[in-house]
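The values are calculated or read from the model by the stated rules, or taken from the named source; none is laboratory data. As the structure is a prediction and not an experimental result, all values here were calculated from the model. Cβ atoms come from the backbone with ideal geometry, glycine included; neighbour counts cover every protein chain shown.
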Amino acid sequence: MEVVIMAGPTEVGAFAGGRIADVVAGNPEAVLGVATGSSPLETYRALAARRDAGLDFSRVTAFALDEYVGIPRSHPESYHAVVGREVVEPLGLNPSRVHVPDGLASDLDAACADYEAKILAAGGVDVQLLGIGANGHIGFNEPTSSLSSRTRVKTLAPKTRDDNARFFDKAEDVPVHCLTQGLGTILDARSVVLVAQGASKARAVAAMIEGPVSSMWPGSVLQLHRRATIVIDEAAASELT
Ligand code: F6R
């Protein structure tokens, strides 16, 4: 695990964005894994600046980590909508090359299997961008997730629903279920860049980096990855020994 500690969120985004931009500069048809939530926003800003400076993202393929079950794609907080707004538009991705799990499928298990097949058909993910939940989840692999899990339906932990209530009008509007790439799916990415900012992530960051590999802290599975870079600010690093 490579651990990079930066002064603050802007520097975290600049560093992580630089790593991802280098992959795209080396291979304009790279396959990116993209995360939603607040953590990667500075990274997307840094990537948008690289686009402004001439880096072409139009042939990149992207796979989102997860999607809520049961909210329409047109809902501003569906991950289809968030990926469109925060990633596809600012980076100039081709929407036909951007994939998000189908949380509205009548057969959710089939939708998960189909998502895994699509990642495989694209040749796998070159670089996976991740955030981490305060309870240690990556993707929506909540504590006790199997370390070898694949894309599947999960129930969001009460802590995650509380944390994500800020995106919705009412706490009870936060969906209960989601589709998420599994920890095994994430481990298959050729490289991983995880970003975390702020003291609220410090405990999960310390468990991920210094704790034993444990399904109680799902991020700790990244200790098994050969090319995982953890980019955090000083507040998120504050519980490291
Ligand atoms: C988002 C995702 C989650 C978030 C995590 C942190 O696609 O899979 O693991 O990265 O919940 O969320 P923020 O960044 O909003 O604190």
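Could you tell me which numbered condition S215 fails, if it satisfies all but one of (1) farther than 22 Å from I5 by Cβ; (2) away from the ligand (no atom under 16 Å from the Cβ)? With respect to (1) farther than 22 Å from I5 by Cβ; (2) away from the ligand (no atom under 16 Å from the Cβ), S215 is out only on (2). The residues in the range 24-57 that are within 17 Å of the chain's Cα centre (by Cα) and in a helix (DSSP H, G or I) can be counted, and the count is 7. If only residues of the range 120-152 that are surrounded by fewer than 24 Cβ atoms within 10 Å (Cβ to Cβ) and without any contact (Cβ under 8 Å) to a residue 60 or more places away in the chain are counted, the one that is nearest to A228 (Cα to Cα) is S148.
Please go through the range 91-122 and pick out each residue that is more than 12 Å from T61 (Cβ to Cβ) and outside any loop (DSSP other than H, G, I, E, B). Give the steps one after another, and end with the answer.
To start, the set of residues in the range 91-122 that are more than 12 Å from T61 (Cβ to Cβ) comprises 91-92, 100-117, 120.
Within the range 91-122, L91, L108, D109, A110, A111, C112, A113, D114, Y115, E116, A117, L120 qualify.
Here V88 meets each of (1) surrounded by fewer than 22 Cβ atoms within 10 Å (Cβ to Cβ); (2) aliphatic (A, V, I, L, M); (3) in a strand (DSSP E or B) with one exception, condition (3).
Tally time: how many residues in the range 1-15 are among the aromatic types (F, W, Y) and assigned to a strand (DSSP E or B)?
First, pick out the residues of the range 1-15 that are among the aromatic types (F, W, Y): 15.
If we keep only those that are assigned to a strand (DSSP E or B) too, we end up with none.
Summing the residues that are among the aromatic types (F, W, Y) and assigned to a strand (DSSP E or B) in the range 1-15 gives 0.
Would you confirm whether any residue within the range 114-123 is in contact with a Ser or Thr (Cβ under 6 Å, 6 or more places away or on another chain) and among the hydrophobic types (A, V, I, L, M, F, W, C)? Let's see the steps before the verdict.
Of all residues in the range 114-123, those in contact with a Ser or Thr (Cβ under 6 Å, 6 or more places away or on another chain) come to 115-116, 122.
Among the residues that remain, those that are also among the hydrophobic types (A, V, I, L, M, F, W, C) are: 122.
Yes, the conditions are met somewhere in the range 114-123.
Taken together, R190, R226, R203 contain a single residue that is among the basic types (K, R), touching an Asp or Glu at 6+ places or on another chain (Cβ under 8 Å), modelled with pLDDT of 95 or more and assigned to a loop (DSSP other than H, G, I, E, B), which is R190. Taking the criterion of being in a strand (DSSP E or B) and more than 14 Å from the ligand (Cβ to nearest atom), the only residue of the range 123-137 that qualifies is V127. In the set (1) of a type in the set (G, A, S); (2) farther than 26 Å from A49 by Cα; (3) not in a loop (DSSP other than H, G, I, E, B), the condition left unmet by A62 is number (2). When the range 91-111 is filtered for residues that are surrounded by 13 or more Cβ atoms within 10 Å (Cβ to Cβ) and hydrophobic (A, V, I, L, M, F, W, C), the ones remaining, listed by number, are L91, L93, V98, V100, L104, A105, L108, A111.
Return yes when A53 is more than 16 Å from the ligand (Cβ to nearest atom) and either free of Cβ contacts under 8 Å to residues at least 24 places away in the same chain or hydroxyl-bearing (S, T, Y) (or both) and no when it is not. Against the criterion (more than 16 Å from the ligand (Cβ to nearest atom) and either free of Cβ contacts under 8 Å to residues at least 24 places away in the same chain or hydroxyl-bearing (S, T, Y) (or both)), A53 qualifies. For the range 159-178, taking the residues that are of a type in the set (K, R) and exposed (fewer than 12 other Cβ atoms within 10 Å of the Cβ), the one that is nearest to the ligand (Cβ to nearest atom) is identified as R166.
Beta carbons closer than 6 Å, at least 6 apart along the sequence or on distinct chains, pair a first residue in the range 93-115 that is modelled with pLDDT of 95 or more with a second that is loosely packed, with under 15 Cβ neighbours inside 10 Å and not in a helix (DSSP H, G or I) for N94/S58. With the requirement that a residue be in contact with a strand residue (DSSP E or B) (Cβ under 9 Å, 6 or more places away or on another chain), closer than 14 Å to D66 by Cα and part of a loop (DSSP other than H, G, I, E, B), what does the range 138-186 give you? Result: G139, F140, E142, S149, T151, L156, P175, V176, Q181, G182. For first residues located in the range 212-241 and touching a residue at least 12 places away in the same chain (Cβ under 8 Å) and under 24 Å from S145 (Cα atoms), partners that are assigned to a strand (DSSP E or B) and of a type in the set (S, T, N, Q) and lie 6+ apart or on another chain with Cβ distances below 9 Å form the pairs S215/N141; P218/N141; G219/N141; S220/S214; V221/N141; V221/S214.
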